[in-house]
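Let me begin by presenting the structure, written as structure tokens, before commenting on it.
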Amino acid sequence: MEWKEQYEKWSSFSGLEPEMSEALAQLAGKEEELEDCFYKHLEFGTGGMRGELGPGPNRLNRYTVRRAAEGLARFLTAKGAVAQERGVVIAYDSRHQSKEFAMEAALTLGRHRIRTYLFKELRPTPELSFAVRYLKAEAGIMITASHNPPQYNGFKMYGPDGGQLPPGPADELVRCVHEVENELAIEVTDELEMKEKQLLRMIGADVDAAYLEQVKSLIVQPGLVKEWSGQLKMIFTPLHGAANLLVQRAFAESGFSGLTVVAEQQLPDPEFSTVVSPNPEEEQAFAMAIEYGKKEQAELLLATDPDGDRMGVAVRDGSGDYSCLSGNQIGALLLDYLLSEKKRQQRLPANGAVIKTIVTSEFGRAIADSYDITTLDTLTGFKFIAEKIKEFEQTGEHTFLFGYEESYGFLIGDFVRDKDAVQSCLLTAELAAFYKARQMSLYEGLHALYEKHGYFEESLTSVTLKGKSGLEKMAGILDAFRQSPPDFIAEKRVTTIEDYEALSALNPLTGETANLDYPRSNVLKYKLEDGSWFCVRPSGTEPKIKFYFGVKGTSAADSRRRLKTLRDEVLERVEGFR
């Protein structure tokens, strides 16, 4: 169907909610914007969907949420009565219409007599993952767009293990969603009727308590926390998101008394009005926390994103000011602490394994190697880390110790199957206490690891290419790298080309190839003769193509120089597509 036909269908629909009708009226005559709203359905992939709020099938609204929930309902109904009875857990964050979308999903499921557990108030993504497992549900829905700008929202899907669905079931769910042709014709049930039939249960405090008990059990050295908790000054900002109350409770119940919350950013705000972007990966998100830190003379600043799965950290550096750590640096610090303390306590299993993604620093592998611990790589996306954890449970081949990715996602306890900023904040506080007891800062601890393992440095450059033309440009960039790969970059020979769509690793010097044991993904990774690497990957949730870079130098200055040269030469090849 052409976009104008879709537009006409929506415009003439008598049951369209007033807000949608008004939004359509405001777009009248704006052909390019209208085409983008109506030329396709918002892509529902293996993890769900994410997009801008607005009218049309290519936007997030109550009708496209119903379409996703209708697809899930058909998927679960096909599995039988047991799956319908086990039901679905739904949580939501602080974004525009998140609460309303959560209820729309519940009412759509109710039409199919599928039991639904709906959180009464906003909750973070990791608690949703935990709740699916705790309540023995068949699936979970999280209404969130993570750290995207205010005009975005999304619909994330989870399976019965609390992780996002693996490729097989995910593909079947995607097929069920795609079969729902007319989102405007989907029927929903009534909230009161669902409650009367005991198909809708509101949840909150009981799940909170169970989740927090598990989080508190992750403390590695209770004695250390007891001794130093009152002497450690910390600042926390939830950036107007869903992690606020759980982080505060986790700290208080674990004995940490030195936590100050950024008052201006602790309440939910769908506009995220105190920050340019509610993304703890970006230094500007720490502006208010740094002001608080200077006033309180705090050693540690913590920030979580709107749905509470990502955590950022800032620490005092050598100059007395604050430096924001990268996700790779935070992961290295947490990993070394966990492995060293478990080894000291003789609790480090011989078959232990660390899981990271293909675009995460090799710093973690070097640390794990020093403890004789295996490091496994997965594709980008925490669902692949969760899939590995499930595999370990089934085979017993490895014991999960730590999982992380460069985009500020960390997991210590596998009672959650997604990145978890709540447990990460708590362990980072313990880590700060550990170094304080040794009269060291986290910044000094990081540089001690560099001295021991080498100066690893990484960066990420995202190129935004919106709309239909943007998708075509992204495809052109990947085709160019795939069809005409570089022989040399930064004066270093390319020694391996990994193509995760073809599932092959090519040695361009010998022409030899090897198979890659991963799900197919449109990603390319190039390894150079000095151990440097770069990766090209289109985002699955945003109109961006991402370029990841990693190097290892003999000093901080050497690694910065290597990184700049590598990045500049790769991005120069992309300029013609902008």
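Relative contact order of the chain, please, whole-number percent, based on alpha carbon pairs below 8 angstrom and at least 6 residues apart.
In percent, rounded to a whole number, it is 11.
The accessible area of residue 134, taken with all protein chains in place and a 1.4 Å probe, comes to roughly 110 Å². Pairs spanning more than 24 Å between alpha-carbon atoms, out of 40/419; 120/195; 452/525: 40/419; 452/525.
Considering only 288, 311, 272, and ranking their Cα positions along the charge dipole of the range 272-312 that arises from unit charges at the beta-carbon of Lys, Arg, Asp and Glu, the one farthest toward the positive end is 288.
For the range 128-230, the fraction of C-alpha pairs farther apart than 16 angstrom is 76 percent. Over the residues of the chain, the helix contribution to mean residue ellipticity at 222 nm works out to -12500 deg cm²/dmol, using -39500 (n - 2.57) for each DSSP H run of at least 4.
Across the range 83-239, the mean sequence separation of Cα contacts (distance under 8 Å, 6 or more residues apart), normalised by length, yields a relative contact order of 26 percent.
When the dipole is taken about the Cα centre of the chain, and only Lys, Arg (+1) and Asp, Glu (-1) are charged at their Cβ, what size is it in debye, to the nearest 20?
Working: 68 positive and 88 negative charges, 215 e Å.
So the magnitude is around 1040 debye.
Of all DSSP beta bridges confined to the chain, the antiparallel ones make up roughly 65%. For the range 225-340, the fraction of 1.4 Å probe accessible surface lying on carbon and sulfur atoms is 50 percent.
Going 7 Å from the Cα of residue 190 along its beta-carbon direction, which residues of the range 83-104 have the amide nitrogen within less than 11 Å of the resulting point? Answer for the range 83-104: none. So if we plug the beta-carbon distance of residue 466 and residue 522 into 1/(1 + (r/R0)^6) with R0 = 25 Å, what FRET efficiency do we get, rounded to 0.05? The pair residue 466/residue 522 has a calculated efficiency of 0.85.
Overall, the accessible surface of the range 74-215 at a probe of 1.4 angstrom is composed of carbon and sulfur to the extent of 49 percent. Were the residues from residue 8 through residue 22 laid out at 0.36 nm apart, the gain over their Cα-Cα distance would be 3.6 nm. Given 226/343; 383/492; 9/79; 156/466; 9/466, which pairs have Cα atoms separated by over 29 Å? Over 29 Å apart, Cα to Cα: 383/492; 9/79. Dividing the mean sequence gap of close Cα pairs (under 8 Å, 6+ apart) by how many residues the range 377-489 holds gives a relative contact order of 12 percent. Please find the FRET efficiency linking residue 572 to residue 444, where r is the Cβ-Cβ separation and R0 is fixed at 45 Å, and quote it to the nearest 0.05. Taking R0 as 45 Å, the efficiency between residue 572 and residue 444 is 0.75. Seen through its C-alpha gyration tensor, with square-root eigenvalues sorted a ≥ b ≥ c, the range 497-578 comes out oblate because a/c lies at 1.5 or above while a/b is not bigger than b/c. Here, the chain has an Rg and a Dmax of 23.9, 70 Å when only alpha carbons are counted.
Assuming R0 = 56 Å, what is the FRET efficiency of residue 295 and residue 347, from their Cβ-Cβ distance, to the nearest 0.05?
In this case the efficiency is close to 0.90.
DSSP bridge analysis restricted to the range 198-315 gives an antiparallel fraction near 40%, rounded to the nearest 5. Across all C-alpha atoms in the range 423-521, the radius of gyration and Dmax reach 20.9, 56 Å. DSSP assigns beta bridges within the range 258-406; of those with both partners inside it, close to 45 percent run antiparallel. Each peptide in 494-507, 224-237, 407-420 receives the mean, over its residues, of other Cβ atoms within 10 Å, and ordering these scores from highest gives 407-420, 224-237, 494-507. Extension gain, residue 276-residue 245: 0.36 nm per intervening residue step, less the Cα-Cα distance, totals 8.9 nm. Think of the chain as a dipole: +1 on every Lys or Arg Cβ, -1 on every Asp or Glu Cβ, centred on the Cα centre; then among 90, 364, 470, 364 lies furthest on the positive end. Average accessible surface for the chain: 40 Å² per residue, computed with a 1.4 Å probe over protein heavy atoms with every protein chain in place.
Estimated at the nearest 10 Å², the accessible area of residue 530 is 50 Å² with a 1.4 Å probe. The largest accessible area among 103, 202, 311 belongs to the first residue in 202, 103, 311, and the rest follow in falling order (1.4 Å probe, all chains).
The values are calculated or read from the model by the stated rules, or taken from the named source; none is laboratory data. These numbers were taken from a predicted model, which means no experiment stands behind them. Positions of Cβ are backbone-derived with ideal geometry, glycine not excepted, and every protein chain shown enters the neighbour counts. Ligands, DNA and RNA are stripped out before the accessible areas are found, and what is left, the full protein with its side chains, is counted by its heavy atoms. Shrake-Rupley method; radii C 1.70, N 1.55, O 1.52, S 1.80 Å.
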